[in-house]
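Step one of this worksheet: look at the structure below.
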Amino acid sequence: MPKKVTGVIKLQIPAGKATPAPPVGPALGQHGVNIMAFVKDYNERTASQVGLIIPVEITVFEDRSFTFVTKTPPTAVLIKKAIGLETASPTPNTKKVGTLPRDKVREIAELKMPDLNATTLEAAMKMIEGTARSMGVEIAE
Amino acid sequence: MPWGVNSGARSAIYWSTTVDGSDSDRARDAEAFFYQLGAAGLEWEDGVLVDTPFADIPMAPARPFVRAYFPDDETWPERHQALKTRFEDTVIFKRLRAEDWENSWKQYYVPIPVGDWMIMPAWCPDSPVAPARTVWLDPGMAFGTGTHPTTRMCLQAVVSRIDPDSRVMDLGSGSGVLAIAAAKAGASEVVAVEPDPVAVAVLLENLERNQVTSRVTVVPGTLQDVDASHPFDLIVANLITEIIVAEWPRLLGYVTPKSQVILSGIVEERLPEVKQVLERHRGVITQETHQEGWVVLEVSPR
């Protein structure tokens, strides 16, 4: 079947636990996508990663059929998981809420590498550190 | 809204909150901040093109943004203030009435007449034409919902070409719409070939729904997985230009000089590529139909 793309929807939703509630419903509904078909398939494909939020890119074609690919979890989510952090700092400049060891930065950078706009691991690590700082998380040497 | 769509069932109000993402630091900050405020998920756009299979014409990416949805309840004023303070004039708030999301998309699907046939949404049992000329589909991830001009053009070509006892191959069956129509039009045997396991599941459901399971054989795979020892009278291939061009020479192993082949999924811009390969490999075009930028070719192998 030939395809003209009429929409690309990018979401971050809990692995294995997507529901038709926002953001899924409003984002997909306006494109006429069968929301339950998406939810069912997304949950099936991400069942093994429950507990993480997974980005997904959904392509909608002109006959309203769709396809999707899942990506690596967002950096902020991985940082929180790595150091057992509940919430990031509301004032990251003044109030620090945790410390992320350098080897964890590397680990996250390696995992995120395929989805980051970075050519070297060092560049990817810099991006991870930037996100950590914006959350009030310090980097330990 | 017809067809049992109940839009009032879980009415709720949300605030869609969109932060301009053209600055990537701000986008990352918004992402983290939304989660901190308790967002269950995000919608975002980074302006990077998505590499999509089957897309002959990809879409330009939208302006970057990060968006979350928060319920309009007693917690909203505090969130609202925090968001305004953090993002100032780069954040846009929009009040939104939630619909019954599970069903609201169905309004986009209506019965589609194709000649004297009908393609009906699975949730509409009563067709205005005879069941023998109706294909019921539950559209999901599988391609072929009848809203696409190539599906309609192919369906018309298929049902007009079928004699009783025809052996038919539907290459790239998707939702199964063409295989079902072929079986209902009187084909003695239909082989539906589909490599995508998700589509195969939808296809099997649709065969059952239309009570044609016994006359349609599903081959989960590609042309190479189809037994070539019995030629087909009619082959319909509603695919994309690349695959048609690549598979045409191989398709000749499944036909006789009397067979008809329907090639579809060709955008007008790429028609010359298909014609070139047909000329080189024994393909004579007997009919050429254009609709909304798409072309269907009926071809006789010589």
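The values are calculated or read from the model by the stated rules, or taken from the named source; none is laboratory data. Note that the structure is a prediction, hence the values are computed from the model and not measured. Heads up, the Cβs are rebuilt from the backbone with ideal geometry, glycines too, and the neighbour counts pull from every protein chain shown. Keep in mind that these areas ignore ligands, DNA and RNA; they rest on the heavy atoms of the full protein, side chains included. Shrake-Rupley method; radii C 1.70, N 1.55, O 1.52, S 1.80 Å.
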Considering only residues that are in contact with a Leu (Cβ under 8 Å, 6 or more places away or on another chain) and part of a strand (DSSP E or B), which ones fall in segment B:249-282? B:259, B:260, B:261, B:262, B:263, B:264, B:265, B:266
If we scan segment B:184-192, do we find a residue that is in contact with a Ser or Thr (Cβ under 6 Å, 6 or more places away or on another chain) and in a strand (DSSP E or B)? yes
Considering A:132, A:123, which residue is out of contact with any Lys or Arg (no Cβ under 9 Å at 6 or more places or on another chain), more than 24 Å from residue A:18 (Cβ to Cβ), open to solvent by less than 30 Å² (accessible area, probe 1.4 Å) and among the aliphatic types (A, V, I, L, M)? A:132
Kindly list the number of the only condition in (1) among the acidic types (Asp, Glu); (2) surrounded by 13 or more Cβ atoms within 10 Å (Cβ to Cβ); (3) outside any helix (DSSP H, G or I) that fails for residue B:227. (2)
Identify the residue in segment A:103-141 that is not hydrophobic (A, V, I, L, M, F, W, C) and not in a helix (DSSP H, G or I) and, among all such residues, is nearest to the chain's Cα centre (by Cα). A:117
Need pairs with beta-carbon distance below 8 Å; first residue aromatic (Phe, Trp, Tyr) and within segment B:275-302, second assigned to a strand (DSSP E or B); sequence gap 6+ or separate chains. B:294/B:264; B:294/B:265; B:294/B:266; B:294/B:267
Please work out if residue A:98 is open to solvent by 50 Å² or more (accessible area, probe 1.4 Å) and more than 11 Å from every other protein chain (Cβ to nearest Cβ). no
Of all residues in segment B:230-248 being in a helix (DSSP H, G or I) and in contact with an Asp or Glu (Cβ under 8 Å, 6 or more places away or on another chain), which is farthest from residue B:172 (Cα to Cα)? B:245
Residue that is at pLDDT below 85, under 14 Å from the mean Cα position of the chain (by Cα) and either more than 14 Å from residue B:41 (Cα to Cα) or more than 9 Å from chain B (Cβ to nearest Cβ) (or both), where the choices are A:51, A:32, A:16: A:51
In segment A:30-49, what residues are buried (at least 22 other Cβ atoms within 10 Å of the Cβ) and not polar (S, T, N, Q)? A:32, A:33, A:35, A:38, A:42
Just one of (1) of a type outside the set (A, V, I, L, M, F, W, C); (2) closer than 30 Å to residue B:95 by Cβ; (3) in contact (Cβ under 8 Å) with a residue 40 or more places away in the chain trips up residue A:75, so point out which. (2)
